[in-house]
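For reference, the structure discussed in these notes is given below.
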Amino acid sequence: MAASNSWINQHIPDQHGRVVVVTGGNGGIGAIAAGALAARGASVVLACRDVARGESAAGTMTGDVRVLPLDLADLDSVRAFPERVGRLDVLVNNAGVMAVPQGTTKDGFELHLGTNFLGPFALTGLLLPQITQRVVTLSSVMHRRGRIDLDDLNWEQRRYARWGAYAQSKLADLMFARELQRRLAAQGSDVLSVAAHPGIAKTGLTTHTGSRVQGAVLSLSSRVAGHSAEMGALALLLAAAGPDVSPGGYYGPTGPGEVRGYPGPAASSTASHDEKISARLWERAEELTGVRYP
């Protein structure tokens, strides 16, 4: 942890005067990143489905931290959020689910797609008029195994595969981040859109798969091949507050396979650069969520 703190002090400038929203900031790398930003002076909003857990997490942080309710798997909750938060500088789309059993959100979307992609897509679109500096979206090394099936985004025709659904959602996140940057640039906006991934980090997500076997395998993988949640949070922090990030950039651990190590520019799949599919995915997301971007 000491090494992580040293990196933060060296690479993350003073954050006083910035308002930062971190979705899923009640645990894992979201809580670590939120706490670090607050300690550097930012006013941080933890946007959490479980407010009690959010308050508990906020109680461990130093600085200006408050908690607001947000459930990305419920578009009514997403639509209610902008009025609660007011002006903000940075939105960190961190919250998500990983390799959970087949299920749907309140609005009937496949659970990974709805929580990891459509919810953040809608939230970003609704908050965009209030955002002054940066949008950060969390992807994953698993995006490389993803395939966007525009005719069956919700896995209604294909045989359900939890890892395939997760990988599709994380590829969608990365494509969204890049498409958003293209659209912001076309409008002459100074707001940046960037993406990040934590590598293989030991977080609570490994216990939420609904399978003891899956959870055990993930936990073992994070211990053997990956790194701590504190280290995993650094790429998110770099994307959210680093002074030299590139518009549309993607950041993650720089060790072998990008599964561990200190953060820097990350590699991504050929599919993630497909602007034609990205534009069509954007259109589908607007249709499904009913959220039209300015």
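The values are calculated or read from the model by the stated rules, or taken from the named source; none is laboratory data. In this text, all values refer to a predicted model and were calculated from it rather than measured experimentally. Note that we place each Cβ from the backbone using ideal geometry, even for glycine, and neighbour counts take in every protein chain shown.
Here are some notes:
- Reported count of residues in segment 226-260, each being assigned to a loop (DSSP other than H, G, I, E, B) and in contact with a Gly (Cβ under 8 Å, 6 or more places away or on another chain), is 5.
- Within segment 265-285, considering residues that are of a type outside the set (Val, Ile, Thr) and part of a loop (DSSP other than H, G, I, E, B), the one nearest to TYR251 (Cα to Cα): ALA266
- So SER169, is it closer than 23 Å to THR270 by Cβ, in contact with a Phe, Trp or Tyr (Cβ under 7 Å, 6 or more places away or on another chain) and of a type outside the set (A, V, I, L, M, F, W, C): yes
- Taking segment 9-48 as the range and being in a helix (DSSP H, G or I) and surrounded by fewer than 21 Cβ atoms within 10 Å (Cβ to Cβ) as the test, the residues that pass are ASN9, GLN10, HIS11, ALA39.
- Segment 95-139, subset of a type in the set (Val, Ile, Thr) and more than 15 Å from the chain's Cα centre (by Cα), residue nearest to PRO243 (Cα to Cα): THR132
- Set side by side, the residues ARG84, ARG79, ARG66 differ, and just one is within 26 Å of LEU238 (Cα to Cα) and of a type outside the set (A, V, I, L, M), which is ARG66.
- Residue count for segment 151-183, restricted to those that are surrounded by fewer than 21 Cβ atoms within 10 Å (Cβ to Cβ), part of a loop (DSSP other than H, G, I, E, B) and within 21 Å of the chain's Cα centre (by Cα): 1.
- Condition met for ARG223 (at pLDDT 95 or above and out of contact with any strand residue (DSSP E or B) (no Cβ under 9 Å at 6 or more places or on another chain)): no
- When segment 249-281 is filtered for residues that are surrounded by fewer than 19 Cβ atoms within 10 Å (Cβ to Cβ) and in contact (Cβ under 8 Å) with a residue 60 or more places away in the chain, the ones remaining, listed by number, are GLY257, GLY261, TYR262, SER269, ALA271, HIS273, ASP274, GLU275, ILE277, ALA279, ARG280.
- Residues that are in contact (Cβ under 8 Å) with a residue 60 or more places away in the chain and surrounded by 20 or more Cβ atoms within 10 Å (Cβ to Cβ) within segment 185-194 comprise just one, VAL194.
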